[in-house]
1. Once the other residues with Cβ under 12 Å from the Cβ of A:G2 are scored (Lys, Arg +1; Asp, Glu -1), what is the net sum?
2. What are the ³J(HN,Hα) couplings of the stretch A:22-29, residue after residue, when phi is run through the Karplus curve with 6.51, -1.76, 1.60 and θ = phi - 60°? Round to Hz, x for glycine and proline.
3. Which is the longest part of chain B that has none of the GluC sites (Glu not before Pro) sitting in a DSSP loop with at most 15 other Cβ atoms within 10 Å?
4. Cross-link list B:K40/B:K104; A:K89/B:K70; A:K199/B:K104; A:K40/B:K15: which exceed 28 angstrom alpha carbon to alpha carbon?
5. Find how much the distance from B:M169 to B:Y259 grows on full extension, using 0.36 nm per residue of separation minus their present alpha carbon separation; answer in nm with one decimal.
6. Quantify how much of the Cα-Cα distance distribution of chain B extends past 25 Å, in percent.
7. Give the percent of DSSP beta bridges with both residues in chain B that are antiparallel, rounded to the nearest 5.
8. Evaluate the relative contact order of chain B (contact order divided by residue number), counting alpha-carbon pairs under 8 angstrom at least 6 apart; express in whole percent.
Amino acid sequence: MGIHDLPHALAVHLFFTLSSVVIGLVLGVTLGILLSRKPKLSNVVLPILSVFNTVPGIVFIGLLLLIWGMEAITVLVALGIYATFPILKNTYAGLISVNPQYIEAAKGCGMSQTQQLFRVELPLALPTIIGGLRMSTVYTVSWAVLASMIGQGGLGEFIYAGISANDNGLILLGAIPAAVLAFVLGSLVDLLQTYTVPKGLRKRGSTK
Amino acid sequence: MLRFEHVSLSYGSQKIIDDISFSIEEGQMVVLIGPSGCGKTTTLKMINRLIEPSQGKIYLNDEDITKKDKVDLRRHIGYVIQQIGLFPNMTVAQNICVVPTLLKYSKEECDRIVHELLEMVNLPYEQYAHKYPSEMSGGQQQRIGILRALAASPPIVLMDEPFSALDPMTRRSLQQEVRSLQQKLKKTFVFVTHDMEEALDLADVIVFMDRGKIVQMAPPEEMLAHPASGQIQDFLGKFIHSSSTRTLTAADFMRTGIYAVSATKGINECISKMQRHNVDTLIVVDDKAAYQGTVSIADIRLTGHVVKSIEPLIRCNTPTVQTTDNAKDCFEQLISSGANYLVVLDEEKRVQGIITKTSMASAMAEQLWG
Ligand SMILES: Nc1ncnc2c1ncn2[C@@H]1O[C@H](COP(=O)(O)OP(=O)(O)OP(=O)(O)O)[C@@H](O)[C@H]1O
Ligand SMILES: [Mg+2]
């Protein structure tokens, strides 16, 4: 195990991270929208999800392991579900905090429910949703370390190997690229934020 | 054009709208006014079905609005909400064209509409069309909010206190703009306000509401002349005086609490009454309280030894007017006749009061200074 294994490990790590974030994005936004249409249901569902969210990732992966075994799918499902939480929460929060005056205006103009969602509510909630995406991305980079626990590779391999061999250099070889990856992906999401958030919503004078 | 038939709305046991019926002609500017919480916004929102009545029917062009598709109905009714509500994620041009876009107008058509409308409110296209609402002043946003409602040329436009947040100058100029737009476009406007001056300025018809009921529905002049309740009078406040000098009558100017005697009364009784009240004439009435004439202390002194009752001394040379007579005419009559006072009679010739120069002056002072 050495530096020549790094590119491959990094690629695997990136693959797990990005796939899980995409799963999380699709699930999170969809569920967030559905829940925001049903405030009563959300009052029940959201607290349950929060509790679920606090189950340590390692326990969850362990449970899924019993079902699917030491496979990549186990990692993807576990990470995907974890990536869903922040996005779902932010989508929901973003949508329900849209000022009612815009909803009333949209209805009054004769928009259908769908038009109202896509032309007004989602664009207005977008900064919050992307905030959730950022959180999700950064977390997933660190959760993906767990993949190596069930022999699926990634930067975690260095860390676990380092711990068992009591080799700090090996630990850092895994940890530093993971930190850099989190930083780079986080910055990419920030960039996305700047380009996709409607111009009228960007605060004047702020560069972020 | 628009007709409410026995429309009521309750939230639980609370009646928000209580059996209102009215109708509006095409091309009218109708202003809903009343104290806060009386149901103006609710009434307005029932027209585009943002709120559904619990009882009664609303007809637009003789069609029951509940029979129409909600979304389609709203695309053909302009709506200006109280908080402006321009979509912050859209430019001015996109905001104006929200409804035309929903109705699938072509790009060129939308562009033409934006040009035309911005020009109408004196906002140059080049300068404003591609700005975002957050880059505009409150007054400019409010204008765009109104344009958004007009863009697809709906035959009817609903406006909920569209000027409430503006300074008086901007407000005045926007009011004039709306008025001239309405006259130019010949649309039916239903306009909510709690500002009586705005209502009097803009309205063809004012609908005054209180606690979910219509108290009075009348053109401004009529409401000023005959407010249906004390509350409306309070709302009209200062306008009722300054704007209605033409309609002041003798009744507004007369002094009541006058001293009358019956024609059959004796001389002595009259003299003592005059002395008691410190007056030099008394008004004489018959047993049905109808006016007979006047009797003066001078005449009594002259002939008092000869007659016992005042009947022969009654003179009819004091001018009389009706309570409903124009105040200005009364004033002229008082000055030109040289009489000390005018006697004011009602339809049954009963004496209601007198107009003296003093009563005239004090009534005028009251009109002027309140
Ligand atoms: N969802 C609701 N549930 C219960 N009561 C309501 C609801 N919406 C409005 N009301 C009540 O209905 C009444 C009429 O409200 P509405 O908004 O039509 O008043 P308004 O005349 O527009 O008042 P304002 O001048 O303050 O805007 C008020 O007393 C209000 O408290
Ligand atoms: Mg209101």
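Taken together, the values in this text are just the output of simple stated rules run on the coordinates, not laboratory data. Fair warning: this is a prediction, and the values are worked out from it, not measured in the lab. No Cβ is skipped: glycine too gets one built from the backbone with ideal geometry, and neighbour counts run over all protein chains shown.
1. Around A:G2, the charge tally is -3.
2. 5, 4, x, 5, 4, 5, x, 5
3. On the way: sites that count: B:E25, B:E26, B:E347, B:E348.
Value returned for the longest uninterrupted segment is B:27-346.
4. B:K40/B:K104; A:K89/B:K70
5. 27.0 nm
6. For chain B, the share of Cα pairs beyond 25 Å comes to 65 percent.
7. Numbers: 34 of 57 bridges.
The answer is about 60 percent antiparallel.
8. On the way: 623 pairs, mean separation 58.4, N = 370.
Once normalised by length, the contact order is 16 percent.
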